[in-house]
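Participant: Please find one structure pasted underneath; my questions will follow.
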Amino acid sequence: AQAVKRLYPGSCCGVGPAIEEGFYYDFVINGTITNEDLAKIEAEMKKIVKENLNINHYMLDKASAKEKFKADKYKLQLIDQIEDNEVGIYEQGEYADVCRGPHVLSTGLLKNFKLLYIAGSYWKGDSNNKMLQRIYGVCFETPEELEEHLKLLAEAKERDHRKIGKDLGIYMMSDLVGRGLPMYLPN
């Protein structure tokens, strides 16, 4: 998120949790970013890793937290949802975020990462809300673990039933028949 905020000033940040398959972060960015922009964001992330910024945790009362994040309506909504009057803040360099944590002690520990792809997501999963841009990625303790994971992802992509089915002429999809409705072919 810090790299995105540096590269795209005025961006707003949604949520960015760790998930079973890695992590993601949701953004509202002036303009749009594409998968081709991920390399630029990764390069900025690598600069932040080299800066080895301490990641500091502290608590603020809700009023102070709202003042701190007054320019980000998504953070303000998250602060309003917190039941306690205390809000956890993590700060690294010029970047701060609302988070329960825990986090690592410094950005220098996050060397083995890869941004994977971008998708759209509605704020809070509600299609009545604004569409945000979600960046997915992974991070590992060692470069070997990262490389192994990326290899597994590439192999899974080659075994994807959508690709294999199309390549072997097993089925086809047509919007004329119905979106998502497979039509089986003679093969």
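Participant: Whether any residue in region 130-149 is open to solvent by 50 Å² or more (accessible area, probe 1.4 Å) and under 30 Å from A63 (Cβ atoms) is what I want to check.
Facilitator: Yes, there is a match, as at least one residue in region 130-149 is open to solvent by 50 Å² or more (accessible area, probe 1.4 Å) and under 30 Å from A63 (Cβ atoms).
Participant: Now for a separate question. Got a number for residues in region 1-23 being part of a strand (DSSP E or B), in contact with a strand residue (DSSP E or B) (Cβ under 8 Å, 6 or more places away or on another chain) and open to solvent by 40 Å² or more (accessible area, probe 1.4 Å)?
Facilitator: Residues that pass the stated criteria total 1.
Participant: Can you go through I41, I79, I89, I33 and tell me which one is open to solvent by less than 30 Å² (accessible area, probe 1.4 Å), in a loop (DSSP other than H, G, I, E, B), in contact (Cβ under 8 Å) with a residue 12 or more places away in the chain and in contact with a strand residue (DSSP E or B) (Cβ under 8 Å, 6 or more places away or on another chain)?
Facilitator: I33
Participant: Could you go through region 102-110 and let me know if any residue there is modelled with pLDDT under 90 and open to solvent by 40 Å² or more (accessible area, probe 1.4 Å).
Facilitator: yes
Participant: Of the residues in region 1-30, how many are under 22 Å from N112 (Cα atoms) and touching a residue at least 24 places away in the same chain (Cβ under 8 Å)?
Facilitator: 15
The values are calculated or read from the model by the stated rules, or taken from the named source; none is laboratory data. The shown structure was predicted, so the numbers you read here are calculated from the model rather than taken from an experiment. Note that we place each Cβ from the backbone using ideal geometry, even for glycine, and neighbour counts take in every protein chain shown. Ligands, DNA and RNA are excluded from the accessible area calculation, which covers all protein heavy atoms including side chains. Shrake-Rupley method; radii C 1.70, N 1.55, O 1.52, S 1.80 Å.
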